[in-house]
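Enquirer: Questions regarding the structure given below will be posed in turn.
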Amino acid sequence: EMAAAGMNMILPNMLWGGRAHYASDVLPRSTTYEKFGDQITQCVAAAKKYGLEVHVWKVNFNLSGAPAEFIQKIHQERRNQVSADGKSHDWLCPSHPENFALELASMLEVAQKYPVDGLHFDYIRYPDREKCYCDGCRKRFESETNQQVKNWPQDCYSGDLHERYVQWRCDQITRLVKAVHDEAKQIRPGLKISAAVFSAYPGCRESVAQDWPEWIKAGYLDFVCPMDYTQSDLDFIGLVRNQQKLIEGRIPLYPGIGQFRLSDDRTVGQIHHARELGADGFTIFDLDRGSAASAVPAIGAGVGKQKAEPPHRADSF
């Protein structure tokens, strides 16, 4: 159905911070895997049959859906995030060396085991500006910046060291993007690295430590999918125009269209706007039973017929 509608790529969510829907030797295997088998193997076989690229999507750091014993282990080892008010949260702390190693190994495992076309980052960020302020972050920040924090976390949260801490948080996220890019390309040079990123920049630098234009300038991404999930066409147009200025043609821009909050005609409308603005393709969130039955054929009835082959365009869910 996707191929008939003109799609040429699918981004299936196959792993999180603490679970995998495939035969992982790095992350806990999910109940989906136990019940239905290896989802990447099945997805790749189906997609290749119809000429669709498969870019495996990981939800980074977020421990939602992980086994309780795995989450408990992370908390016991003090590898979870802590907010500025001292509360613990079920997210991996990006600055913890064991978490960095786990995130990297899980993504490289996919590249090593499966003939996928790419790896796709999601949640490649902190949850918000309130995190992480664990004891490990303090020690690592002081060591790496040669700064003594007298009043923790106030000095870093809103005091004299705030801007330094904002940059340091960004660095924790960027180093994982760089490592996955560098090492995955060694495994398979043709593999594409991509990311779903916050639509509004530079606000996301401070709020969630996601400095995605810098990743593009450094050459760590092969294409980018800003999450332009708005019901306003005017807002969508404004976001895409700003993103084009930030990217400056360095890599393809595939704006993310929030189909989950749009009628089918508005989904098609935003595809039209993306093309009129000169975007290199589009991505749609998300594919489920409802959108497969309604949005996919609606796209195929019109704009999907203008299909062009990769690498020049990507039209995907």
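The values are calculated or read from the model by the stated rules, or taken from the named source; none is laboratory data. Everything quoted here is computed from the prediction, not taken from an experiment. Glycine also receives a Cβ, built like all others from the backbone with ideal geometry; neighbour counts cover every protein chain displayed. Please note that ligands, DNA and RNA were not included when accessible areas were found on the heavy atoms of the full protein model with its side chains. Shrake-Rupley method; radii C 1.70, N 1.55, O 1.52, S 1.80 Å.
Enquirer: With springs only between Cα atoms under 10 Å apart, run a GNM on the chain and tell me which of GLY302, GLY219, GLY281 wobbles the most.
Expert: Between GLY302, GLY219, GLY281, it is GLY302 that shows the largest mean-square fluctuation.
Enquirer: Per residue, how large is the accessible surface of the chain? Use a 1.4 angstrom probe and give square angstrom.
Expert: I get 43 Å² per residue for the chain.
Enquirer: I want the local charge near SER30. Using Cβ-Cβ distances under 15 Å, sum +1 for each Lys or Arg and -1 for each Asp or Glu among the other residues.
Expert: Its environment carries a net charge of -1.
Enquirer: In whole Å, how far is the Cα centre of region 176-218 from that of region 73-94?
Expert: When both Cα centres are located, 23 Å separates them.
Enquirer: Additional query: Pick from GLN39, GLN76, GLN154 the residue whose mean-square fluctuation is largest in a GNM of the chain, springs joining Cα atoms under 10 Å.
Expert: In this elastic network of the chain, the residue with the biggest mean-square fluctuation among GLN39, GLN76, GLN154 is GLN76.
Enquirer: Let me check I've understood the local charge: for GLU276, count other residues with C-beta under 14 angstrom from its C-beta, Lys and Arg +1, Asp and Glu -1. What total comes out?
Expert: 0
Enquirer: Enumerate the calculated ³J(HN,Hα) couplings along region 156-161 in order (Karplus 6.51 cos²θ - 1.76 cosθ + 1.60, θ = phi - 60°), each rounded to whole Hz, writing x wherever the residue is Gly or Pro.
Expert: 8, 6, 8, x, 5, 9
Enquirer: What label, among [x] 33, 24, 17; [y] 40, 24, 21; [z] 40, 24, 18, belongs to semi-axes √(5λ) of the Cα gyration tensor in Å computed from the structure on display?
Expert: [x]
Enquirer: What percentage of the solvent-accessible surface of the chain, computed with a 1.4 Å probe over protein heavy atoms, is contributed by carbon and sulfur atoms?
Expert: 49 percent
Enquirer: Could you state the number of Å between the C-alpha centres of region 9-30 and region 100-151?
Expert: 18 Å
Enquirer: Go ahead and run the numbers for FRET between PHE70 and LYS305, Cβ-Cβ distance against an R0 of 30 Å, rounding to 0.05.
Expert: Calculated transfer efficiency: 0.05.
Enquirer: Considering only VAL303, VAL180, VAL110, give the residue with the highest GNM mean-square fluctuation for the chain, with springs between Cα atoms whenever their separation is below 10 Å.
Expert: In the Gaussian network model the winner is VAL303.
Enquirer: Under a point spin-label approximation (7 Å from Cα along Cα-to-Cβ), what is the GLU276-ALA3 distance to one decimal in nm?
Expert: 3.3 nm
Enquirer: Here is a further query. Tell me, what ³J(HN,Hα) does each residue in region 116-129 have, in order and in whole Hz, if you take phi through Karplus 6.51 cos²θ - 1.76 cosθ + 1.60 with θ = phi - 60° and put x for Gly and Pro?
Expert: The phi angles translate into 7, 8, x, 10, 10, 7, 9, 6, 7, 4, 8, x, 5, 6 Hz.
Enquirer: Convert each backbone phi in region 199-209 into a coupling constant with the Karplus relation 6.51 cos²θ - 1.76 cosθ + 1.60 (shift: θ = phi - 60°), then list the ³J(HN,Hα) values in order as whole Hz, x for Gly and Pro.
Expert: For region 199-209, the Karplus-derived couplings read 6, 9, 10, x, x, 6, 4, 7, 5, 10, 6 Hz, x marking Gly and Pro.
Enquirer: Between ALA218 and HIS162, what FRET efficiency comes out of the Förster formula 1/(1 + (r/R0)^6) with R0 = 22 Å and r the beta carbon distance, rounded to 0.05?
Expert: Step by step, r from the Cβ atoms, then E = 0.35.
Enquirer: What is the sum of charges, Lys and Arg at +1 and Asp and Glu at -1, for the other residues whose Cβ falls under 14 Å from the Cβ of ARG188? Working shown, then result.
Expert: Details: positive: LYS113, LYS185, LYS192; negative: GLU53, GLU109, ASP117, ASP182, GLU183, ASP222.
Result for the local shell: -3.
Enquirer: OK, next. Could you tell me how many degrees, from 0 to 90 and to the nearest 10, lie between the Cα long axis of helix 135-145 and the main elongation axis, the longest principal axis, of the Cα atoms of the chain?
Expert: It is inclined by approximately 90 degrees.
Enquirer: Taking the 0 to 90 degree range and rounding to the nearest ten, how far is the long axis of helix 264-276 tilted relative to the main principal axis of the chain, both from C-alpha atoms?
Expert: Helix 264-276 sits at roughly 80 degrees to that axis.
Enquirer: So if R0 is 25 Å, what FRET efficiency would ASP25 and LYS178 give, r being the distance between their Cβ atoms, rounded to the nearest 0.05?
Expert: Details: r = 24 Å, r/R0 = 0.96.
Efficiency at R0 = 25 Å is approximately 0.55.
Enquirer: Classify region 165-250 as rounded, prolate or oblate from the Cα gyration tensor: take a ≥ b ≥ c as the square roots of its eigenvalues, call it rounded if a/c is under 1.5, otherwise prolate when a/b beats b/c and oblate if not.
Expert: It comes out oblate by the Cα gyration axes.
Enquirer: Write down the percent of antiparallel bridges among all DSSP beta bridges whose residues are both part of the chain, to the nearest 5. Working shown, then result.
Expert: Details: 6 of 34 bridges.
Close to 20 percent.
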